[in-house]
Amino acid sequence: DDDDDDGGGRGDAAAEPSPPGRAGGAAVADDPGARRLKGHILGICLSARRNMCVHADVSKEGDRERVDEMCRQLTAPWIRDSTGKEAKGDRKLCTHYEKYEQSLSNQSQLLTDGIYTIEDLREKGLEEGFGWCPYYAARRLIQAADVVVLNYQYVLDPKVSMASQLGGAPIMPGSRQAFGGKGAEGGGQPEPSIVVFDEAHNIDDVCIESLSVRLNRQRLDQSSGNLTRLSSEIERVKKEDNARLQDEYRRLVQGLQAAGQIDANIAERLQSPVLPDDLVNEAIPGNIRRAEHFISLLRRIVNFLRRYLQVDRAQCEGPLSILHKFEEDVEVDAKSLKFCHERLRSLLNTLRVSNLDEFTPITKVADFVTLLGTYAQGFTVITDPYPEAEGIYDPTLLLSCLDASLAIRPVLKRYQSVILTSGTISPLEMYPKILGMTNVVVTESFSITMARRCLCPLIVTHGPDQVPITSRFSLREDPGVVHNYGELLEQLVQTVPDGMVCFFTSYRYMEQIIEKWYETGVIARVLKHKLVFLETKDVVATTYALNLYRQACDSGQGAVFLSVARGKVAEGIDFDRHYGRCVVLFGVPFQYSLSRELRARLEFLKEHYGIKEAEFLNFDAMRQASQCLGRVIRSKRDYGVMVFADQRYARLDKRSKIPDWIQNFLEPGHIVMASDVAVAAARTFLLEMSQPYEEPVGSTASVLTPEALRALQLREGKAKAAAEAAMPAAPPPEKRPRLGEGGEGGGGFAEEGAAARLEEGQGAAEAPWEASSAPEPVLATGPGPGIGRRDPWAGL
């Protein structure tokens, strides 16, 4: 759940630097390293206000935008100042935020060391001894925490990024960062922090989405309304408090840093791609310093985009081309455009706007032109008059990011270690290419340890009539394919107990297949054994269907959930235990290859990274298929059947991209199967899994108890000590005769020189034959010579 930049509190409370020894009021020892060695760490979770608010009235609201608005109305600095000046003001403040501010001013301790989830922080916010706001406390504590758990967007999306506050040591106001300030990009050393992206199989899509902006006619009309409202506010402030606008103008002359938008520390550490370095120190261009001039420029931009959207056919255009049209029509250069996002943010703060979500449309327009003026490559502008369906004219303007590395590059440059991990991140070699990771140290695919063979992957290529089954576009409406898919589902619902999950390649394909199944009676026959539920595009309806599906599984009747790959169910819903004993994948989930956005990205990948179209499409389809199949196995004690219902899965180019932990359970006889044979194999597997099973204990168990782990470590330590004691001592090196004492003069002289170097530089204890015992780095890929080879002199 994303959260926009806040206008509440003291500007951006989490961005303020922390004094040494205390970061945001957290108990931090003088030596953080010694504190960690003792096992004392601070772990914090951060989420949106809606998930963390404990205010009696605000927390009852379910809408995120409404929660944000009410929070700002209680915590905005100008509201708190006006309330404090009133002797008997009617305005109410948030008591939890006031306690948070009081704790900061008193330098009191917010939290002791420990691991705190969102629920734990909410409980602290309701306790009498604490009572502070969990949201603002968490934002402050991330500067002192050893471990921070938060959403991708807080690191990758420049509009809500908190990457500048993560990592590094606590610093004094005005002092330089301890580890090179701006990281590797600024010439210093990267911060010694570790960033772990979990569930990173779709991280390239997250990066692209964070830097893409979509506009339509409705949003542009709303933007015009926003500008009218801002003009009225400017006129009102001019009459009531003109000095406020004059102060902002004088600060903008000195640049954003002096304008109070970013302080000195954040100016050093900020790595947002939307805020380049020159925006930090340069003065705001003169044509947008005054509020009236800036509003006038935004009006011209909105009018230009409204005219640009008047098209009757789709078109793609590069950033430089549309930027040239901006310069001719709007009479504005790229430098002024790339300041629009921060200039609008400054104006909203100056006008003391608490309901920022009301101005989302004009903010989107500012984001659009800011990205357009900042990047000359890696983007494309797509105009589509019929985005939803032919005949429904609703033109959209999409600034589509094509280069995923733009969003993640600041993270890679700033932090010492960045780890991408996922159970379905396969194949590994594709991710460094599309993310621009040039210094990959380790790429490793780990297997899973199971007490028994609790996975049964089956690749079904044809039906009993030998008609191939596939979702290929040319055959997907073939009656034989639809019949075989329906027969496979019928047989599986009679065999599999409890819950079944089926994934189709798209909503449209699922609707076509279900319509044919209704006509042929397949759905009616399935309903005799299990209930049937569908995923729809409506999130509320899908959530309700999921709850009913779980109730049907709990009651013992069982159910079938028909879903779509790339949908909400495929990404975030677990079907563990009896909720998912079988998952069926009807077809290969390729993207719609005629999408203009996808075509532009494929051309970009081929031109800049040498990735062929078929290579990327296969990679993308198989990672989505793996994500769907992984929904049914959520623990070591779980078990389930995985059915690949498409003949293309039997091909090596598809099968090789299945994660290793699934391939290890794929038997040779289960690669090319008829549907009836696959059902028989599934029946045998489920029968075997249903038998009583006594889980092994001790060191041979799949899951070790603490006692078994300590016993295993003790046994390994004894075995290592016994092996070292039994190893014969190495014989002393044979002394060669010195020069003049016999032998070859050159050999003796060379050895003497080597011995002298050892004695002078490293001491007699180190010798060339001992180098193999020194640790060596494990490199899978990366720059430099000798990668993948063992260097016998590495220890020297």
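What follows is calculated from the coordinates using simple rules that are stated; it is not laboratory data. On a predicted model such as this, the values are computed, not experimentally measured, just so you know. Using ideal geometry, Cβ is built from the backbone for each residue, glycine included, and neighbour counts are taken over all protein chains shown.
Just to confirm a number: summing +1 for Lys and Arg and -1 for Asp and Glu over residues other than GLY587 whose beta-carbon lies under 15 angstrom from that of GLY587, what do you get?
So the environment of GLY587 carries a net charge of +3.
How much of the pair distance distribution for region 304-347 lies past 16 Å, counting alpha-carbon pairs only, in percent? Show your work: numbers first, answer last.
Numbers: 464 of 946 pairs.
Value for region 304-347 (Cα pairs over 16 Å): 49 percent.
Report the antiparallel proportion of the DSSP beta bridges in region 425-566 as a percent, rounded to a multiple of 5.
Taking every DSSP beta bridge with both residues in region 425-566, the antiparallel ones total about 10 percent.
As a test of understanding, state the convex hull volume per residue of region 386-520 from its alpha carbons, in Å³.
Spread over its residues, the Cα hull of region 386-520 gives 230 Å³ apiece.
Can you flag which of LYS335/LYS413; LYS60/LYS238; LYS238/LYS364; LYS606/LYS657; LYS413/LYS606 are past 30 Å Cα-Cα?
With Cα atoms farther than 30 Å apart: LYS60/LYS238.
What net charge do the residues around THR370 carry, taking every other residue with its C-beta under 9 Å from that of THR370, with Lys and Arg at +1 and Asp and Glu at -1?
-1
So which chymotrypsin sites (Phe, Trp or Tyr not before Pro) in region 369-448 pass both tests, a DSSP loop state and at most 15 other Cβ atoms within 10 Å of the Cβ?
Passing sites in region 369-448 are TYR393, PHE446.
Over 31 Å between Cα atoms, which of LYS433/LYS537; LYS159/LYS325; LYS530/LYS636; LYS516/LYS636 qualify? Intermediate results must be reported in sequence, preceding the final value.
On the way: LYS433/LYS537 33 Å; LYS159/LYS325 26 Å; LYS530/LYS636 27 Å; LYS516/LYS636 39 Å.
Long pairs (Cα-Cα over 31 Å): LYS433/LYS537; LYS516/LYS636.
Going by average Cβ neighbours within 10 Å, how do the peptides 145-152, 234-241, 616-623 rank, with the highest at the top?
On the way: 145-152: 18.1, 234-241: 12.5, 616-623: 20.2.
Top of the packing list down: 616-623, 145-152, 234-241.
Using 7 Å Cα-to-Cβ label points, what is the TYR544/GLN315 separation (nm, one decimal)?
4.5
Under 12 Å from the Cβ of THR536, count the other residues' Cβ atoms, weight Lys and Arg +1, Asp and Glu -1, and hand me the total.
Around THR536, the surrounding residues sum to -1.
Taking only Cα atoms of region 602-664, what ratio of Rg to Rh do you get with Rh as the Kirkwood inverse-distance radius?
With Rh from the inverse mean 1/r over Cα pairs, Rg/Rh is 1.07.
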